[in-house]
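The structure appears below as C-alpha cells.
The values are calculated or read from the model by the stated rules, or taken from the named source; none is laboratory data. Remember, predicted model here, so these are calculated numbers, not experimental data. Counting neighbours? That spans all protein chains shown, and the Cβs are built from the backbone with ideal geometry, glycine included. The area values use the complete protein model at the heavy-atom level, side chains included, leaving out ligands, DNA and RNA. Shrake-Rupley method; radii C 1.70, N 1.55, O 1.52, S 1.80 Å.
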Number of protein chains: 2
Amino acid sequence: MRGKIKILDIEAGNLAIFINPEDAKQWRIHPTDLVKIESGKRSIYGSAFIGNIVEKGEIGISKDVLSIYQFSSGEIVSLIPAGTPESVKYIKKKMRGEKLKKVEIETIVRDIVDRKLRNTEISAFVSTIEINGLDMEEIAALTIAMAETGDMLDIERKPIMDIHSIGGVPGNKTNVIVVPIVAAAGLTIPKTSSRAITSAAGTADVVEVLTNVTLTLEEIKRIVEKIGACLVWGGALNLAPADDLMIHVERRLSLDPRGLMLASIMAKKYAIGSQYILIDIPTGKGAKVESVEEARSLARDFIELGKRLGQYVEVAITYGGQPIGYTVGPALEAKEALETLMTGKGPGSLVEKAIGLAGLLLEMGGAAPKGKGKIIAREILEKGKAYQKMREIIEEQGGDPNIKPEDIPIGDKTYTIHAQTNGYVTAIDNKGITAIAREAGAPEDKGAGIRLHVKVGDKVKEGDPLFTIHAESESRLDKAIVLARRLEPIKIEGMVLQVIENL
Amino acid sequence: MRGKIKILDIEAGNLAIFINPEDAKQWRIHPTDLVKIESGKRSIYGSAFIGNIVEKGEIGISKDVLSIYQFSSGEIVSLIPAGTPESVKYIKKKMRGEKLKKVEIETIVRDIVDRKLRNTEISAFVSTIEINGLDMEEIAALTIAMAETGDMLDIERKPIMDIHSIGGVPGNKTNVIVVPIVAAAGLTIPKTSSRAITSAAGTADVVEVLTNVTLTLEEIKRIVEKIGACLVWGGALNLAPADDLMIHVERRLSLDPRGLMLASIMAKKYAIGSQYILIDIPTGKGAKVESVEEARSLARDFIELGKRLGQYVEVAITYGGQPIGYTVGPALEAKEALETLMTGKGPGSLVEKAIGLAGLLLEMGGAAPKGKGKIIAREILEKGKAYQKMREIIEEQGGDPNIKPEDIPIGDKTYTIHAQTNGYVTAIDNKGITAIAREAGAPEDKGAGIRLHVKVGDKVKEGDPLFTIHAESESRLDKAIVLARRLEPIKIEGMVLQVIENL
C-alpha cells in the first residue's frame, strides 16, 4: 500500500508500524508481521500493529524511528509485507554447527541494522552463538561488519590510543583520570564510554556530572584534533549500531557469549579508528571476570582479534575484588575523580590503577620509554598537567572548566552504616554495593550512591562508620537502607554472621 | 504503580501495555520492559510501551489481552516492573546441553502461557531445542505441561478416537470423510483441526464452508456426547495455549524441531482426552515428510510418546506425492468432500485413503475385527451412513444439514491451463499447487482454489485442460495466472522444458 506517514508519540523500543484495520484487511497484514517501508532510495523494516489509532491510508510509526531515519509527518511512502529475511538461513546454518562465511555474517549484521531481523531472530542468533560459538575468523568478520554498518570516525592525529575496562567493579572512575594523563603526554585518545546498564555509574554518567557527554561525531573530530582527547557517551553515536540491538537481547537472556563480547568492544574501537588499545580486565570476586585464568584466556582472544583487525592490543589484568576508590555513584565518583586530578593525590586503589594504565598507554604510544610509563604518568598527574587537560576537555565539550569538587551536588539524604563489632574488613561485596547504590537512585539520580569509609584490610572498632548511603529522596534512602541491612556488603572478621534464637 | 485499565483498539499480536511518559519516568519503566499487571488473584505480563496515547494514571492494554483475560475498562490494577523470569535459567541450562527436569519444563511452559516469556525468550528456547534436542522423557513432560496449562475436555463416551494428519499435501480433505465414518460406526471422535497456515486450506477452513467451526468446549462436550463426533476449529479453544505462542516463533525462524512438533500435536490430543490416536504421515516429494525412512522414524517417536502419555497410537504412512482428490481450496474441497459423502463415491485417492484410515480407527476402537476395518468403513460410506452422520455434525454445529454441493459458492473468475504437448502426467508439484491456490486468494477467499483435471499417470493430448484456477476477484486471478505460468506445476513427460533461442 501507499500511505501517509504519521509519527506517533509512542516509544516501543523497536520500530512499531501502525496500520488501520481496513488497510490491514485489504493488504493481508497481520499483527507482528514484518513490513517494509520504502521512501526514496532507503528502506526500513518494522513490526505491524493494527488499530484505529491511525486512519485508513495513514502509516503510523513509533517515534523510535527518528533515531535511525528521518521521516517527516505526511510523507508518502510504500508499505510492503516482507517475507522471511535471507539471513535467517545463515542463522540456521550456524545452528547446524557450520562455520559462517564473511558475506553471511555481513548479511546478518546488515539485516539487524535494517531492523529486518527483530528480537525473535536476534535471540536465535545469540542463543546459537552461546551454544555453538564463533571462531576467531568469524569474530573478526562480525567485528568489521558491525563497525562498517555504522558511522566511522577518521581523526587526523596519529597514533590513536584507546582504553576499555571490562565492567563489574563499582566505583571504577579510573578512565576519567587515565584519558587526560594520556592526552597531556601528547597522545590522541578519543574515548567513548557507556552509561550504566546494571552498574551504579558508567564512565559516561560520571563525566556527565562535569560536562556534556552527548556529542556528534563531527564535534568529537573537531575536539580531538584540537586537544587530543574527549570523554563522551558512545551511545549517542551511531557506532556499530547492531551492537545495542544484540546487547538488548543478551541482557534479557542474561547471556554474554564471548564472541559477541569481543566483537561488541572491538567494533566500537575499530569504528573510531583506534590503533593502540589497552584492555583493562578487573578480576576478582564479584567482578565480571572472577578468575585470573579466565582473564588470561580472554586477554589472548583480545590480542588475537586485534591482530586480525590491524590493531595493537595490550591487556592489563587488574584487581577488581572491591570497589575502586571510596565512592560509588555518578556525582560522588565525579567529585573523587576531580579531587584526584586537582590535587594529584587520591585513594591508592584509584591513583595507582590510573597511573599504571596510563603508563602502559604512554609506552604503547611511544610517549614514554619502556618501563618508564608509570613514572611519567605520575608526574603528569602530580604536576597538574592532567587536570589542565581535563579542564580543556570539560570546556570543549561544553562544561565549566572552573567546576570545583565542592560545587558538585551530592544527595543530601544520608544514612551511615556502622560496624557492629571490632575487627578487620575482610571483604567488600561488589554486587551488594552496586545493588544498594542503585536502590538509592543511581545512576538516574546523579547525587545518589555510596561513600565508603573503609576498604579491605582496614581495622575497625564497633561503632565506626563503614559506609554512608546518599540519596536524593527519603523514599529511595529508606529502600537502600533496608537493602543494606539485608546484604551487609562489608564483612568484618570476627563478626557474628547469624544468631539462631532459642524461641 | 496503580492505574486504571484502558482497553486500546490496537492489535499487537502480543500483550502490549501502554504507560504515560510521566508514569514511566516516575516508576522507571522503559520501552520493552517486562511488566506485570495484577488484578485480584491473577496476574498477566506484557511489554511496556510509552506514550501519550494514555493519560497519567492510565494503563493502556492492547485488545489482544481480551482473548486471555477479561479486564474491564476502568478497572484499577497494579503494574509492577518484573525482573528476568526464573525459567530463563532453565533455558540456559538446556543451552549447556543438560537435561531438563519435569518441574523445569513445567515452569518454562507456565511462563510462556503467562506471557512472562516473550518472543525473545521463546526464540532462545526453540533455537536451543533445535540444536540440542529433547529426549523422550523431556518431550512427554513438555506435552503434559502444555496440555495442563490450558483447558481440558472430559467426554463421558469412551473410547475416544482421534486422527491427525501431518500437513503439506494440498487437497487433503480426507478427515472430513473419516470422522463421520468412524462416528457412524458408534465410536467417539471429537476432532479438532487447524486452519491453513502455509497451505491453501486447513480442515477447519474446509468444514467452515459447511457449518460453524468456532465452538466452545462446553458445546463440543454436549455435541460429542450426543452424536459421537464433531469437526471444529482447535484454534478457538484454549487447548495447550503455549503451542501457538511457540509455533509463531518457529514459523518466523522456519524451524520445526521434532520434539516440539511431537509435543504440539500430542498435547492437543491429550487435552481433549483422546485414547486411540491414528497419525497419518503423507510422504512424498513436496509433502512435509519426504522420505519413508523419515516417516518411519517419526512414527516410532509418536508411538513411544503415546505410551508415555497413556495413549495407544498407530501410524499410517500414506502417499503424499501429489494432491488428494481433484480440488484445492476451502469451498472446492468442501464440495468434493460433500459429494463423496452423499454419493459414497469419489476420486480414488480420496476415497481409498479415507476408508483406509477410517478402517484402522474402527479396528483400533473395537468397532471392526482386525483386517475388516476397511471393508466396514467402505460399507458405511457407500450406504450413506457417513453422510447421515455428517448431516448431524453440520446441524449440531449450527449449519444447514440439507446443504447441497451445488449450493456451495465457488470463485467465478476462472482460468484454465492447458497441456502444451502430448504425453503422460509425470508429476504434480504440491508446493506449486499450494502457492497458486494461495495467490488466487485461498484460504481467506473461500471460493478461491484449484480444480485439477488430471492426476499423475493420466494421458493427455496437447490442448487438454490440466487445471482450472478459481478466484473471487479478477486481480487475484491475474496474479495466480502469472504464478501458474511461471511454476508450471503439472509436468508432462515429453514436454520441452526450456528453449534457448539463438538470438
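Here are a few things to note about the model shown:
- Other-copy label distances relative to B:Pro81, 7 angstrom Cα-Cβ extension, nm: 3.8
- Surface composition of the protein assembly as shown: carbon plus sulfur atoms contribute 49% of the solvent-accessible area (1.4 Å probe, protein chains only, all chains present).
- Inter-copy label distances at B:Ser291 (7 Å, Cα→Cβ; nm, one decimal): 4.3
- Alpha-carbon gyration tensor eigenvalues x 5, square-rooted, for the range A:251-354, Å: 27, 18, 14
- 3J(HN,Hα) along the range A:83-97: x, 5, x, 3, 5, 4, 4, 6, 4, 5, 4, 5, 4, 7, x Hz, from the Karplus curve 6.51 cos²θ - 1.76 cosθ + 1.60 with θ = phi - 60°, whole Hz, x for Gly and Pro.
- Ordering B:371-383, B:231-243 by mean Cβ neighbour count within 10 Å, with the highest value first, yields B:231-243, B:371-383.
- For the range A:133-210, diffusion coefficient by Stokes-Einstein and Kirkwood Rh (Cα), 4 °C, 1.567 mPa s, µm²/s: 87 µm²/s
- Accessible area in square angstrom per residue, the protein assembly as shown, 1.4 angstrom probe: 40 Å²
- Distant-in-sequence amide contacts of B:Ile10, defined by a placed amide H-H separation under 5 Å and a gap of 5 or more residues or a different chain, comprise B:Lys63.
- Accessible surface ranking that places the most exposed of B:Lys288, A:Lys461 first, with a 1.4 angstrom probe: A:Lys461, B:Lys288
- Value of relative contact order over chain A, rounded to a whole percent, pairs C-alpha under 8 Å and six or more apart: 14 percent
- Subset of A:Lys269/B:Lys36; A:Lys158/A:Lys446; A:Lys268/A:Lys389; A:Lys491/B:Lys102; B:Lys36/B:Lys307; A:Lys173/B:Lys99 violating a 32 Å alpha-carbon distance limit: A:Lys269/B:Lys36; A:Lys158/A:Lys446; A:Lys491/B:Lys102; B:Lys36/B:Lys307; A:Lys173/B:Lys99
- In the range B:81-121, burial by the other protein chains removes 20 Å² or more of 1.4 Å probe accessible surface, compared with the chain on its own, from B:Thr84, B:Val88, B:Lys92, B:Met95, B:Arg118, B:Thr120, B:Glu121.
- Per-residue SASA remark: A:His248, around 50 Å² accessible (1.4 Å probe; ligands, DNA and RNA not included).
- Solvent accessible area, Å² - B:Asp135, 1.4 Å probe, full protein context: 60 Å²
- For the range A:192-267, the extents of the C-alpha atoms along the principal axes are 41, 25, 16 Å, listed from largest to smallest.
- Counting all C-alpha pairs of the range B:411-471, share separated by more than 20 Å (%): 28 percent
- Counting only alpha carbon atoms, the long axis of helix B:258-271 and the longest principal axis of chain B meet at about 90°.
- Other protein chain C-beta atoms within 10 Å of residue C-beta, averaged over A:125-131: 6.
- The range B:312-463: C-alpha pair distances exceeding 28 Å, %: 31 percent
- Geometric extent, Cα atoms of the range B:100-176 - Rg, Dmax (angstrom): 16.1, 42
- Using alpha-carbon coordinates, inclination of helix A:430-439 to the longest axis of chain A, degrees: 70 degrees
- In order through the range A:469-482: 3J(HN,Hα) via Karplus (6.51 cos²θ - 1.76 cosθ + 1.60), integer Hz, x for Gly, Pro: 8, 10, 9, 9, 9, 4, 5, 5, 4, 4, 5, 5, 5, 4
- The interface between chain B and chain A buries about 3700 Å² of solvent-accessible area in total (1.4 Å probe, ligands and nucleic acids excluded).
- The angle separating the long axis of helix B:119-132 from the principal Cα axis of greatest extent in chain B is about 60 degrees.
- Per the Cα gyration tensor, the range A:47-143 maps to an equivalent ellipsoid with semi-axes of 33, 14, 11 Å, ordered largest to smallest.
- For the protein assembly as shown, fraction of C-alpha pairs farther apart than 51 Å, in %: 32 percent
- For the range A:66-216, the direction-averaged projected area of the alpha-carbon convex hull comes to 13.2 nm².
- A point 7 Å from Cα along Cα→Cβ stands in for B:Asp154, and the other copies hold the same point at 7.6 nm, listed in rising order.
- Value at 222 nm in deg cm²/dmol, rounded to 500, when DSSP H runs of n ≥ 4 in the protein assembly as shown each add -39,500 (n - 2.57): -12500 deg cm²/dmol
- Viscosity 1.002 mPa s, temperature 20 °C, Stokes-Einstein D of chain A from Kirkwood C-alpha radius, µm²/s: 87 µm²/s
- Threshold 30 Å², the range B:33-66 residues less accessible with all protein chains present than alone (1.4 Å probe): B:Phe49, B:Ile50, B:Asn52, B:Ile53
- Per residue, the convex hull spanned by the Cα atoms of the range A:1-54 measures out at 84 cubic angstrom.
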